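Worksheet for the structure shown next.
Here, each number is a calculation from the coordinates, and none is a lab measurement. Since this is a predicted model, take the numbers as computed values, not measurements. Cβ placement follows ideal geometry from the backbone for every residue including glycine, while neighbour counts extend to all protein chains displayed.
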Amino acid sequence: MKVCKDCGVEKPHTEFRKHSKMADGHINSCKACKKEYLNSYRAKNPRTDKNSPLTTRRNAAIRRARVRDQLCGCCSAEDFSLIYLLASLGEEEFEVDHMTPIALGGLHCTSNLQILTRKDNRVKGCSPQAGY
């Protein structure tokens with residue numbers, strides 16, 4: 001039996017998570033108190049939860065801004081729409097790919113885009129054009 005440091009209730013060791021550094025091999029807070037603490041912490045600090053919708057939206061906005069900053073300025077929204085429309089046509093699954101990936105300094109520009117099959121795009125990965 002062990003007393004929880006948070007609720008003060010004496011409980012069996014099965015109600016405590018194991019921890020090799022503790023003298024008795026278990027943490028000092030019972031599972032219920034630890035869960036309650038984590039839920040309240042996540043409610044107060046939503047950005048620390050990496051899977052929260054807020055964090056996901058924020059990261060997506062950062063990625064979009066990074067791509068937008070790498071636009072060449074010579075392409076219009078209609079140019080991009082046309083390329084993505086062409087990729088969606090046909091029976092096989094096609095994807096729009098950057099010949100020189102943005103991660104390697106390529107621009108989000110129509111002259112840097114190509115249409116590849118999904119399989120070819122996965123094989124190419126984040127490498128420069130190299131024969132595709």
What 222 nm value per residue comes from the helices of the chain, counting each DSSP H run with n ≥ 4 as -39,500 (n - 2.57) and dividing by all residues, nearest 500 deg cm²/dmol?
-12000 deg cm²/dmol
Only Lys, Arg, Asp and Glu count, each charged at its Cβ (+1, +1, -1, -1), so figure out the dipole size of region 53-124 about its Cα centre, rounded to 20 debye.
560
Full extension between R58 and A103 adds, at 0.36 nm per residue less the Cα distance, a length in nm of 14.3 nm
Report the gain in length on full extension from V3 to D24: 0.36 nm times residue separation, minus Cα-Cα distance, nm rounded to one decimal.
6.4 nm
Can you compute the charge dipole magnitude of the chain about its Cα centre, using +1 on each Lys and Arg Cβ and -1 on each Asp and Glu Cβ, nothing else charged? Give it in debye, rounded to the nearest 20.
1120
What ranking of E15, E92, E10 emerges when the number of other C-beta atoms within 10 Å of each C-beta is taken as an exposure proxy, fewest first?
E92, E10, E15
Give K11/K31; K2/K34; K5/K35; K2/K44 a once-over and call out the pairs whose C-alpha atoms are over 20 Å from each other.
K2/K44
Quick query: amide H of H26 versus all other amide H atoms, modeled in the peptide plane; which residues come in under 5 Å with a sequence gap of 5 or more or a different chain?
H19
